[in-house]
Amino acid sequence: MSDDLPRKRPTGLGRGLSSLLGEVAHEAPVGGSDSPQGNVRMIPIASIEPNPDQPRRIFAEEALAELAGSITARGVIQPIIVRPHGHRFQIVAGERRWRASQKARLHEIPAIVREFSDEETLEVALVENIQRRDLNAIEEAQAYRRLVDDYGHTQEELGRIVHKSRSHVANLLRLLDLPAKVQVLVGTGQLTMGHARALVSATDPEGLADEVVRRGLSVRETEKLAQSGKPTRQRPLPIKNAQADIAALERQLGDMLGLKVAIRHSPKGGQVILAYSTLDQLDMICQRLSGDKF
């Protein structure tokens, strides 16, 4: 996006997105005798269509089949979010549940209908997928890029929307500089975000990526390979001279959480310090540690 073009200010949904998704997460099973229906309604599956700009592109068939089996046994517990789209409805969040419901041969699905602009739709879909940890690093980066290019969001604003650090957003956006072949390897899970970050500055990222996959190299080994071309096998952390290994662990944990991570290592143990800047980020940390779903 050119710097001399007027930038459209983002809507600042932020907390509103969290509230909406929280409403969906805590919605009682539809159809129960004691469950308040609220804004949830049953909509024919045939009247719903996916959003072509949905951040998530990969839907594992095995996981869909497993979810379809659960839906067959217990129904759709959490409603999807849709918006009016002509004479039909378009999915804002919950495409995986919609796809699995089709496999389960349901005719209707519970949904919350809301009026959303294209920008709001992308924001809600991005937050919902990130909170459920459904996006790979490339899908997440592509969604950030669209919000930056099409709607004028800054990296700081994106961080606030998804409750991640600005550096996490910046690191993800850098992954889009990788060759398409390497991005596919990240998208299919053959390379992690940590591997991809190490390859961004390499002179031959495609060749190195092939070697990393073929040899099953760790992130630390990939970093060394990208820097010197001579990878070494990982060793247990020594007490002394472990700065590089600890830094690599900090980066890997930071990639997973989207937060700044510091490790303080000593002969008798140590500390892992997670830095947060908002209460939403603290809430995310608590839910990750407790194992609760968003």
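None of the figures in this text is laboratory data; all of them are computed from the coordinates on show. Given the structure is predicted, the values throughout are model-derived calculations rather than measurements. With ideal geometry, Cβ positions are generated from the backbone for all residues, glycine too; neighbour counts draw on all protein chains shown.
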Once fully extended, how much extra length lies between His85 and Arg145, figured as 0.36 nm per residue of separation less the alpha-carbon to alpha-carbon distance? 19.1 nm
Integer Hz, Karplus 6.51/-1.76/1.60 couplings in order for the range 166-180, x for Gly and Pro: 4, 5, 5, 4, 4, 5, 5, 4, 5, 4, 6, 7, 6, x, 4
Computed about the Cα centre, the charge dipole of the range 44-92 from +1 Lys/Arg and -1 Asp/Glu charges at the Cβ has a magnitude in debye, to the nearest 20, of 200
If I take R0 = 22 Å and measure r between the Cβ atoms of Ser266 and Leu176 in this structure, what FRET efficiency does the formula 1/(1 + (r/R0)^6) give, to the nearest 0.05? 0.05
Could you tell me the calculated FRET efficiency between Ser201 and Thr154, based on Cβ-Cβ distance and R0 = 35 angstrom, to the nearest 0.05? 0.90
How much length, in nm to one decimal, is gained on full extension between Arg105 and Ser70, taken as 0.36 nm per residue of separation minus their Cα-Cα distance? 11.4 nm
Computed E for Arg214/Leu289 - FRET, C-beta separation, R0 22 angstrom, nearest 0.05: 0.05
